[in-house]
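Asker: Structure in structure tokens, see below.
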């Protein structure tokens, strides 16, 4: 598997092996288990993130629900990051012709795999332009520490999008009834509370939707941000 770990990064500092095991077990059947997302919704999310020419970190990429539309939008690089190595294996099989093992610019968008825990990302500070966190935020067991890491790796002026194509109550009910007990407490908090966490670690929140059909928060790292992404 192609992985990337930046020199001098904090790789290995933190890893949620319990949740990795759970998602590894679901990976072979994930695409048939998860409800399908209309392509137009994915396209709208990619358009909102404005990824053209950008280095994008797709956190909780899973089996690659955003990858095809993301690459079609012309990013400089697309980093598919997930806690589960088995999820990334499924993703790689789908896009096997799109990989380059080096984290360097190329004529076309590169698809890179990153097997990592969001609480301890092995990426250089200020190294990505966009972070998209789709269907993953409730699984961050130390959310403020994870958000601090996302702040750290974003360049000043960079955009973070936290997204679910469903309402908070629906997502939480799915997790409460999950067959794996470790997921029962993976709750999506009200957007207002998540926005407060984002501001605590240095983000400027630019939008929040917390409806029955959509959960989405957008935030930017200020151009003069000087936080180092240390854990709160």
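Here, each number is a calculation from the coordinates, and none is a lab measurement. None of the values given here were measured: they were computed from a predicted structure. Every residue, glycine as well, gets a Cβ built from its backbone with ideal geometry; the counts of neighbours run over all protein chains shown.
Asker: What is the percent of Cα-Cα separations in region 17-220 that go past 29 Å?
Answerer: Percentage above 29 Å: 16.
Asker: Run the quick spin-label model on residue 96 and residue 48: label points 7 Å from Cα toward the beta carbon, then report their separation in nm to one decimal.
Answerer: Between residue 96 and residue 48, the simple spin-label model gives 3.4 nm.
Asker: Right, here's the next one. Return the distance in nm (one decimal) between the two label points of a simple spin-label model at residue 209 and residue 169, each offset 7 Å from Cα along Cα→Cβ.
Answerer: Computed distance between label sites residue 209 and residue 169 equals 1.9 nm.
Asker: Right, another one. Roughly how many nanometres apart are two label points built 7 Å out from the Cα toward the Cβ at residue 41 and residue 25?
Answerer: 2.7 nm
Asker: Out of the DSSP beta bridges found with both residues in region 17-220, what percent are antiparallel (nearest 5)?
Answerer: Working: 12 of 34 bridges.
Counting DSSP beta bridges with both partners in region 17-220, the antiparallel share is about 35 percent.
Asker: Can you tell me which of 33-44, 151-162 comes out highest on packing, and rank the rest after it, using the mean Cβ neighbours within 10 Å?
Answerer: Answer by packing, highest mean first, reads 151-162, 33-44.
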